[in-house]
Amino acid sequence: MQIEDYIKAGKIASEVREMVRVKDWIGKSVYEICEEVENEIIKRGAKCAFPVNASINEIAAHYTAEPNDPITITDSDLVKIDLGVQINGFIADTAVTVCYDPQYDGLVQTAESALEKAMSMVKVGVKVSDIGRAIETTIKQMGFKPIANLSGHSLDKYTIHAGKTIPNVWSIGGFTLSGDSAYACEPFVTTSEGGGFVRNGKIKNIFAINSRKKTKNEEADKLLDFIWENFNMLPFALRWITKQWEEKEARELLDHLIKKKTVQAYPVLVEIHEQRVAQAEHTFIPTETGVTVTTSSQS
Ligand code: MN
Ligand code: MN
């Protein structure tokens, strides 16, 4: 574990997240949002760990802008902006929900409170099942529902979901936090009318390499090499390859790679009762006495 790089990535991620939190995004397209946030990361000398997610209302996660995506933010939208920063493959994963309609302030505040509660409990040796229970209790006490099938995760070099999950509800089993790994904690909150689960939606606009096996299509294999050299195993968006390939061709080549299963496409995740969802997220490293929240805004 390279703690310095985790700290550097976390500091940049928190700066960019706080910029995102206070900015007025009404009237901006999701394309403008994703590009602007990604440019803020790059300006600070880091790379994106994944395409910025701008998931609106009942879409809980995994929406990123298509090239020139025209979907525009209105004053009644609830937008989860989830961003990832990487330095030498060490990742900071953090998210904020922006909303301009006071009707949804409670939802946003609850996601933040649940995250804060979880961070206050962390240290080496704490069971993640206890964290999940605390997140669930915090959310329910505020009159809302956690999304049970979305969870936090362990991080590894060039790997966002490194195999261990930090639940947002009470659950049996689980593991004990160790001091030699970084983790992300990310409570998702919906209304009391929500089902408290997400399902896969039809849209897929985030991708990642599955294998580097050649496909016998020369141009598709060139794209595969480009993806590997630039993004490694980390997720990417179509927007990120349309500087090298014209959009129509890029789509066709990407479809070919998906068909050959060398590239995987991730569907958007939608609340099952189509209720609005808020999210908050930090990356952290447990210590013997507490926690280093790498994406904390106070550091
Ligand atoms: Mn995230
Ligand atoms: Mn995450």
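Is one or more of the residues making up segment 256-274 in contact (Cβ under 8 Å) with a residue 60 or more places away in the chain and farther than 30 Å from GLY143 by Cα? There is at least one residue in segment 256-274 that is in contact (Cβ under 8 Å) with a residue 60 or more places away in the chain and farther than 30 Å from GLY143 by Cα.
Of the residues LYS213, LYS204, LYS248, the single one that is closer than 30 Å to TYR104 by Cα, surrounded by fewer than 20 Cβ atoms within 10 Å (Cβ to Cβ) and either in contact with a Phe, Trp or Tyr (Cβ under 8 Å, 6 or more places away or on another chain) or free of Cβ contacts under 8 Å to residues at least 60 places away in the same chain (or both) is LYS204. Residues of segment 108-115 include none that is over 14 Å from GLN279 (Cβ atoms), in the same structural domain as GLU35 (by TED's automatic domain parsing) and modelled with pLDDT of 95 or more.
Looking across segment 1-19, just one residue is not aliphatic (A, V, I, L, M) and not in a helix (DSSP H, G or I), and that is GLN2. Selection within segment 256-295: residues that are polar (S, T, N, Q) and under 19 Å from the mean Cα position of the chain (by Cα). The member of this set that is farthest from ILE203 (Cα to Cα) is THR294. Counting the residues of segment 265-290 that are touching a strand residue (DSSP E or B) at 6+ places or on another chain (Cβ under 7 Å), over 25 Å from ASN57 (Cα atoms) and surrounded by fewer than 23 Cβ atoms within 10 Å (Cβ to Cβ) gives 0.
Of all the criteria given as (1) acidic (Asp, Glu); (2) under 22 Å from ASP5 (Cβ atoms); (3) surrounded by fewer than 18 Cβ atoms within 10 Å (Cβ to Cβ), the one not satisfied by ASP255 is (2).
Among the residues making up segment 230-252, a single one is outside any loop (DSSP other than H, G, I, E, B), aliphatic (A, V, I, L, M) and out of contact with any strand residue (DSSP E or B) (no Cβ under 8 Å at 6 or more places or on another chain): ALA250.
In segment 1-26, the residues that are within 13 Å of THR294 (Cα to Cα) form Cβ pairs under 6 Å with partners that are among the small types (Gly, Ala, Ser), at six or more places apart or across chains, as follows: TYR6/ALA182; ALA9/ALA92; GLY10/ALA92; ILE12/ALA46; ALA13/ALA92; SER14/SER297. If you filter segment 116-133 down to residues that are without any contact (Cβ under 8 Å) to a residue 40 or more places away in the chain and within 16 Å of GLN279 (Cα to Cα), you find that the one that is surrounded by the most Cβ atoms within 10 Å (Cβ to Cβ) is LYS117.
A single member of ALA148, ALA162 is under 18 Å from the mean Cα position of the chain (by Cα) and within 16 Å of ligand 1 (Cβ to nearest atom), and it is ALA162. None of LYS80, LYS28 is farther than 22 Å from ILE241 by Cα and under 12 Å from the mean Cα position of the chain (by Cα) except LYS80.
Run down ALA60, ALA114, ALA134 and say which single residue is within 14 Å of ligand 2 (Cβ to nearest atom) and of a type outside the set (Ser, Thr, Tyr). Testing whether each residue is within 14 Å of ligand 2 (Cβ to nearest atom) and of a type outside the set (Ser, Thr, Tyr) leaves just ALA60.
ILE33 satisfies every condition listed in (1) assigned to a helix (DSSP H, G or I); (2) surrounded by fewer than 24 Cβ atoms within 10 Å (Cβ to Cβ); (3) not charged (D, E, K, R) except (2).
The values are calculated or read from the model by the stated rules, or taken from the named source; none is laboratory data. Bear in mind the structure is a predicted one, so any value in this text is a computation, not a measurement. Quick reminder, even Gly has a Cβ in these numbers, built from the backbone with ideal geometry, and neighbours come from all protein chains shown.
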